[in-house]
Structure formats: structure tokens, C-alpha cells
Amino acid sequence: MNISYDEAAGIFRLDAGGMTYVLRVTDEEGFPGHLYFGKRVGEDDISYLARTEEMPWLPSGNVRDRCSFLDSFPQEYPGNGVGDFRSPAVCVTDEKGQTGVQPLYVSHQIEQGKKTLPGLPSTFGTQKDSMTLSLLLADRETGLELTLCYTVFEGIPAVVRSVRAHNRGEKTIAIRRLMSCSLDMDVQDLRLLTLNGTWGREKHKQILPVGIGTQQVSSIRGISSHQAHPFLGLMAEHAGQESGEVYGFNLIYSGNFLAQTERDQFDRVRVQLGIHPKDFCWELAPGESFQSPEAVLVYSAEGIDGMTHAFHELFRNHLLRSPWLYRERPVLINNWEATFFDFDLEKLLTIARRAAKEGIELLVMDDGWFGRRKDDNSSLGDWTVNEEKLPGGIARLSEELAKLNMKLGIWFEPEMVSPDSDLYRAHPDWAFSFDGRTPCRARNQYVLDLTRREVRDAVFDQIAAVLDSGEVAYVKWDMNRPLTDVASHAEGGQSGALFHRFVLGTYELQERLITRYPELLLENCSSGGGRFDAGMLYYSPQIWTSDNTDAIERLAIQEGTAMLYPMSTMGAHISVSPSQAVGRLVPMATRGHVALAGTFGYELDINHLPEEDAALISGQIALYHRYGDLVREGDYHRLASWQDNRLFDCYEVISKDKQLALVTFVQVMGEANVKSRRIRIPHLSPDARYRVTVVDPAVREHDQSGNFIGSDEIACMRSILDKPITGRTLAEAGILMPKLRGDFRSVLIEFRQEG
Ligand code: DGJ
């Protein structure tokens, strides 16, 4: 890892983990230019890539074509309105409404270490493992100063970028667009990889050619959303899962965002990520500053797999702060899909008693324990225990659970208020609403104006009172509607700042919560994965991945999520079959295998499970204890995607020391008259020998007549089950997967190093 500056050539060079990123500042005027982002290059002067030695040259030598220069120069942080017709990185208006801005180089600083961003989630690093370049740019006319920050981390092929705007002038400036990163890439024939979806179908991958003009994914829902994700990948022409060049861009932010490519007239691609400019207008008075969120830019020469690895390493080592990151998480049971709102103390304890016997360690009491809540029409904002349902409150419930050796988790939805609540009746002005308009309801609830300190305090005090009233080990923080009617009734609540200030308010509340309760295990949630993003991972080590717990649909959702985020962050639970989301029948063993890919738990009433399913639970929990460390700490590699082949899914997790690997194979659709499938098992130690085991009780499924069908199914593996086999052979020759009969079947295969 290094950052260097070649003063003569005006070149800044950042190297880390086999990646090089190069900027150039032109010696006349100081235009910040982007030269290169990709595989490590030699220590040569590559300033020729700016093409200033060809037409239209630099404006100083050809002032009549200044506009051609600005519209073709590979920019690092383009201004607005003065000659570059591609998308600007920054837009402002001054007091007269003028919109011209052209940030030019002033100075720079290169330092060891990485500063965190106050009030925002951000990466962190030490003096030893990180280095930061701060590039100060200024626009002479408006007095706007921009500090572009670039950090590299030891061993990780990534650059983390952000921008701080400061008004050095004498008049107020309104910032209307401030991208966290912008760069003009000189790479052709790229394909755009995005993660899209809806409720219950989050983060499905989509790959499209990057065409001329702009393509974007974005959210204006106030949250990162189910529909889009603040990420884009760019794949070189022949890149795939394991090979070829892939660039990944991820914004560490949980609100409105824009992620955009713009292929220009010369086939170069401008990439930008940042807060969505729609409804954004931040007024900067003289002397004031505004900080953008961070964007992570990753380079991989090993396809999507390399990108995934870089994101996982960066997030695990430099973003996730929770003490729970590598700790064994308790096996939990959540009552939501078991009871919905219809529960009381006795019902919860009936679930808990059976759960405890099976080895489940934590009961999560979901929505419905507070105020007068009996359905989703009331009481959000009234965070006091409903004693009719829970006599003795949290204290009694946690004591009863303690007798069973179980801990308690509780659900909250702190950002919301029900129109039918004491809080709303007392403070209708604490909800967002436009003057004279009835706010739009979603799930019959309004959004609290968390930009106001007194609102945040009132919510926090209520939550703290509940948590202090008993022993609470875990909190599920839910958020179940998008933002509309975003207007504040507080004095001076600037409307263009509200979406962002709401996000800052949520971050501040979560920071307060984990500061006051440092041992609390916090799980974020937003109707499933509506806010599963890097921003929230700064506060919680795990996030509920989707409300869709059907194991087959989960394969696609978990593939998209694990493409960016460590498996240890994905909430994954076993629920009933047929699944409540899609009505599909999936064997209990498969449901268990798929849930092992994340933080493991149950979302059902064990007392009402068919006995043959319930009989598998203790074995599933044993598997979780056996492989939990591996899943949390190991390296994840996707070997096949059901989304691509429509037949089967396969992924591998390997311990860092390569002693142990676990491969999950799910046959989504069975086929007639096929041979067993050959799958390569990469990334093991080439010369080490591995003992291959088909993990019980995976193939202990029984056929319809009750016969154990494992033996026939694994006949194709018999010879390698007997004798250890080298990592090299496993990587190239691979193995033959058990020939599973039927749809939605799965198997776990363990590879354990001998000696
Ligand atoms: C949405 C969440 O995703 C569910 O798990 C559950 O907590 C409900 N909200 C409760 O309202």
C-alpha cells in the first residue's frame, strides 16, 4: 500500500493489493484528471493517458477550443456549466441563481491512517494499515472548496473516496449535487452489473451492456431500497464469475442515492455515485462545511469473485465495528412468522420451552408487544409494554427465558409513528407532512421527523426505558415504509436537506444505542432487505436479508447480498413449508442448509412443525455450531448460480488457513436421465490432501416410502470418500456431486485437510 506524488508530472498514484489508481493535475490551471484505475502498473509516467498531447490540447495552448478540452478531458471531479457536457460531479447555485462551478487544484496532503467521518458511517484504518490523500480543489468565483479524500488499505485492491465541501466565500452557496466519487474510465465494452428487486425479491443480479448515454440505478425512497442497491459493477468484455476484470462501486449510505454510468462520444465511461440530487439542496453559509458519504471503488482481475473478496475484506476489517463481528451469534427463534401479532406471554413461552430443548438460545419477540398494537394499524411510537399481553413486562419475560437458559430479543420500529398512537396525538407535528396535505400512509404509518433533536430524544428515551426494564440481549430495528411528504414543522428545517438529515438522524440514534449498550446484538431490517447496505453495517453486524424465507428464492437473494457483504451479516432463518411467501414445499434439510449461509435461526412455531421436520432441528443447530466460525470468518466463493443456469446453485466457504471448506450444493430442479454433475472445488491448498465428507444429515432425506436414499445418491462419490485427495486435483478435476433425486434438494460437502 502506498500513495505517492510526482511533482514534476503532477501525478498522484495510489497502490494497494495489486491495484493502481492514478490522478493527474494539469500544470496549467490545475484541472484534476483521471488517468487510470486497474491492475497494478509499473512506476512509469502515464500522463499520456490524459491525451493532452493531441487535439484539442490544453486550453492554454488552444484557448479557442477550451470547450472541446473540457468536454473530452478525463476528469476526476467535473464542475458544471463551463464546458463539460457530461454529468457534473458538483452543482451549486449562488445567491443570484448562477450555476457555474469549476473546481481546480489548490494543494494536497498525504498522510498515514484514515479519519472517520463525523455523523456518517465510514471506513476506519490505523496509521499502519491505511494511507489517505486529501486533494484540495477550489472554485475561485463561488469560494467553494472541495476536499477529495482517497484512502487505500493494506492488501485490499480498493480506494475509498469522499468529498467535503466548504464555503470559503462570503455568500451562501446552495449545493445541489455532490457526488461521492466521479471518474472517467477509458475502458471499452463494459457491462453493467446491478442488484435490483422488490420486497421479497431483493438483490437479484442483472447484467446489461453499458450503452452510449447514461444508465443509472437509484433510490428516491429515503432508504437504499428493495428496488435498487447503491452499487454498480463494471465487467470487462469477457469477465465472468472467476476471471476477467471487474470494477465494483459501493456507496456507504442508506438514503437516496444515484449510481450512474455515462458512456460518452469517445466511448469513455464516467462513473458517479453519491446522494441523489433529486430534492437535495444543502445551503452552505460562509464558513460552513458539508461532508458526502464514502464510496468504495474495488478492482478485481479475478472476476466477480475477486470483487466480492475485496468488498468482504474491506468491510470486515475496516467498516464493521461490532464486537459481535466474529463472535458466535446465538441461534434465535423469531415469533413473527409463527404468530404475527397474535401472541402473549404464554404463547411466547410455549415456543421458547420447546426451542430451548432443541438448543435455541434466543427468543426474538417481534412486532406487537407495545401500546395497544394488535395489528399494523396502531401504536408505533408508543414504546411501552402492553401488560395485557405481557404481564410483568420485559423483566418477567426475560426472567422466564433465563430459566430456560434463553436470552431475549425485542423488535422496534423507531423511525415511525402510527396516526393512531398517543405519540402522534400529542405531537402531530413530529411526523413529516407537507403544509395543508394529509400525508400519504404506507402500512398505515407516518415517518417521524428524525431531523429534530427532541423527536430523536423522545424515541431514544422510550427505547432505553424498555431495554433497562429487563435483560435484553438483542434488538431488531425495523423500518417498514419509504419516505414521503418530507417536510419538517421545525423552525428553519431546510426542505432540501431533510432526506439526508433524516438519514443522519437514524445514524445518530443507532450510534447512541450501541454506545449505551455496547454488548447489544443489533440487527437492522427494513421490511426484509430494504435497507441492507454498507451504511447500516457500520452500526449492526447483521441485517435481515429478506422477508422471503423460502429457501429457493433465498438462493438468489443471498447470492446478490453475499456478492458484496460478508455471510456473517446476512440474517437467514428456517421457516415453514409451504413457505408463507411463495407457497413452495421445500425439504427441511434444504431449508437448513440455505440458512447456514448467514446468521442462523428459526422463524416458525416449533410446536406446530411436522414431527419429521422438528426432528431435524437439533442436527441443524449442531451443524451451525460446527460451521458457524467458518461461515463468519472464512472466504466465500460462488461456484454456480441458479439464476444463470436455472438448475442448481453452489457455493464454497474456506477457512483462511485452508484447513476446512464447506460446499453447499442445491439442486433446484431435478432432471431425468442425467449424469452426476462435475464441480471444481477451487482455492484449497494445492498440495494439501483433503478428506471429503458428505455431511450428515444432508443425504439422510427419505423418499416418499420412508427409505433412506443417501447411499444411491452418493454412489458417484464413493471412491473419493475413501481416500484423501489434493487441493490441486479438487480445483481442476473437481468432484462428482451426489445425484440428488427431486427438486429443491441439497447437500453439504466438507473438505478437511489431513495432517
Ligand atoms: C417487517 C420485517 O421484515 C418482519 O420480519 C417483521 O419484523 C415485520 N416487519 C413486523 O412488522
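The values are calculated or read from the model by the stated rules, or taken from the named source; none is laboratory data. Remember, it's a predicted structure, so these values are computed and weren't measured experimentally. Cβ coordinates were reconstructed from backbone atoms using ideal geometry, including for glycine residues, and neighbour counts include every protein chain displayed. For the accessible areas, the whole protein counts, side chains as well, though only heavy atoms, and no ligand, DNA or RNA atoms are used. Shrake-Rupley method; radii C 1.70, N 1.55, O 1.52, S 1.80 Å.
Structure notes:
- Within region 508-522, considering residues that are within 16 Å of Val472 (Cβ to Cβ) and in contact (Cβ under 8 Å) with a residue 60 or more places away in the chain, the one nearest to the ligand (Cβ to nearest atom): Leu522
- The residues on offer are Thr569, Thr549, and the sole one that is touching a strand residue (DSSP E or B) at 6+ places or on another chain (Cβ under 6 Å), within 27 Å of Phe502 (Cα to Cα) and outside the structural domain of Glu511 (by TED's automatic domain parsing) is Thr569.
- Matching residues, region 409-426, being touching a residue at least 40 places away in the same chain (Cβ under 8 Å) and open to solvent by 10 Å² or more (accessible area, probe 1.4 Å): Asp420, Asp422, Leu423, Tyr424
- When residues in region 157-170 are screened for being open to solvent by less than 10 Å² (accessible area, probe 1.4 Å) and part of a loop (DSSP other than H, G, I, E, B), 0 of them pass.
- Of everything in region 68-111 that is in contact with a helix residue (DSSP H, G or I) (Cβ under 9 Å, 6 or more places away or on another chain), farther than 20 Å from Leu273 by Cα and not in a helix (DSSP H, G or I), the residue that is least open to solvent (accessible area, probe 1.4 Å) is Gly83.
- Qualifying residue in region 506-521 (condition: of a type outside the set (Gly, Ala, Ser), assigned to a loop (DSSP other than H, G, I, E, B) and open to solvent by less than 20 Å² (accessible area, probe 1.4 Å)): yes
- If the condition is being basic (Lys, Arg) and more than 14 Å from the ligand (Cβ to nearest atom), then region 357-374 contributes Lys357, Arg372.
Per-residue answers, yes or no, for (1) within 16 Å of the ligand (Cβ to nearest atom); (2) assigned to a helix (DSSP H, G or I); (3) among the β-branched types (Val, Ile, Thr); (4) outside the structural domain of Ala352 (by TED's automatic domain parsing):
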{"residue": "Ile410", "(1), (2), (3), (4)": "yes, no, yes, no"}
{"residue": "Tyr424", "(1), (2), (3), (4)": "no, yes, no, no"}
{"residue": "Val447", "(1), (2), (3), (4)": "yes, no, yes, no"}
{"residue": "Val455", "(1), (2), (3), (4)": "no, yes, yes, no"}
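- Taking the criterion of being within 33 Å of the chain's Cα centre (by Cα) and in a helix (DSSP H, G or I), the residues of region 398-408 that qualify are Ser398, Leu401.
- Selection of region 12-66 for residues being touching a residue at least 12 places away in the same chain (Cβ under 8 Å) and aromatic (Phe, Trp, Tyr) yields Phe12, Tyr21, Phe31, Tyr36, Phe37, Trp57.
- Residue match in region 734-749 (condition: open to solvent by less than 10 Å² (accessible area, probe 1.4 Å), among the aromatic types (Phe, Trp, Tyr) and either outside any loop (DSSP other than H, G, I, E, B) or modelled with pLDDT of 95 or more (or both)): no
- In region 326-342, the residues that are part of a loop (DSSP other than H, G, I, E, B) and away from the ligand (no atom under 12 Å from the Cβ): Tyr326, Arg327, Glu328, Arg329, Pro330, Val331, Asp342
- Restricting region 537-578 to residues that are away from the ligand (no atom under 14 Å from the Cβ) and aromatic (Phe, Trp, Tyr), the residue that is nearest to Thr198 (Cα to Cα) is Tyr565.
- Among the residues of region 343-365, just one is among the aliphatic types (A, V, I, L, M) and assigned to a loop (DSSP other than H, G, I, E, B), namely Ile360.
- Any hit, region 126-145, residues being of a type in the set (Asp, Glu), open to solvent by 60 Å² or more (accessible area, probe 1.4 Å) and over 24 Å from Ile3 (Cα atoms): yes
- Residue in region 199-214 that is nearest to Val447 (Cα to Cα), counting only those that are without any contact (Cβ under 8 Å) to a residue 60 or more places away in the chain and open to solvent by 40 Å² or more (accessible area, probe 1.4 Å): Gln206
- Every listed requirement among (1) among the small types (Gly, Ala, Ser); (2) out of contact with any helix residue (DSSP H, G or I) (no Cβ under 7 Å at 6 or more places or on another chain); (3) more than 16 Å from the ligand (Cβ to nearest atom) is met by Ser526 save one, (3).
- Qualifying residue in region 465-482 (condition: open to solvent by 40 Å² or more (accessible area, probe 1.4 Å) and either under 25 Å from the mean Cα position of the chain (by Cα) or more than 28 Å from Leu362 (Cα to Cα) (or both)): yes
- Taking region 375-408 as the range and being within 16 Å of the ligand (Cβ to nearest atom), surrounded by fewer than 23 Cβ atoms within 10 Å (Cβ to Cβ) and polar (S, T, N, Q) as the test, the residues that pass are Asn377, Ser378, Asn386.
- Exclusive hit being out of contact with any helix residue (DSSP H, G or I) (no Cβ under 8 Å at 6 or more places or on another chain) and more than 29 Å from His309 (Cα to Cα), set Ser4, Ser47: Ser47
- The selection criterion, being farther than 22 Å from Thr132 by Cβ, open to solvent by 60 Å² or more (accessible area, probe 1.4 Å) and assigned to a loop (DSSP other than H, G, I, E, B), holds for Glu29.
- Among (1) basic (Lys, Arg); (2) open to solvent by less than 10 Å² (accessible area, probe 1.4 Å); (3) within 30 Å of Ala473 (Cβ to Cβ) - the single one Arg354 does not satisfy: (2)
- Of all the numbered requirements in (1) of a type outside the set (A, V, I, L, M, F, W, C); (2) at pLDDT below 95; (3) at negative phi, Asp189 misses one, and that requirement is (3).
- Check on Pro439, surrounded by 15 or more Cβ atoms within 10 Å (Cβ to Cβ), closer than 30 Å to Gly496 by Cβ and within 16 Å of the ligand (Cβ to nearest atom): no
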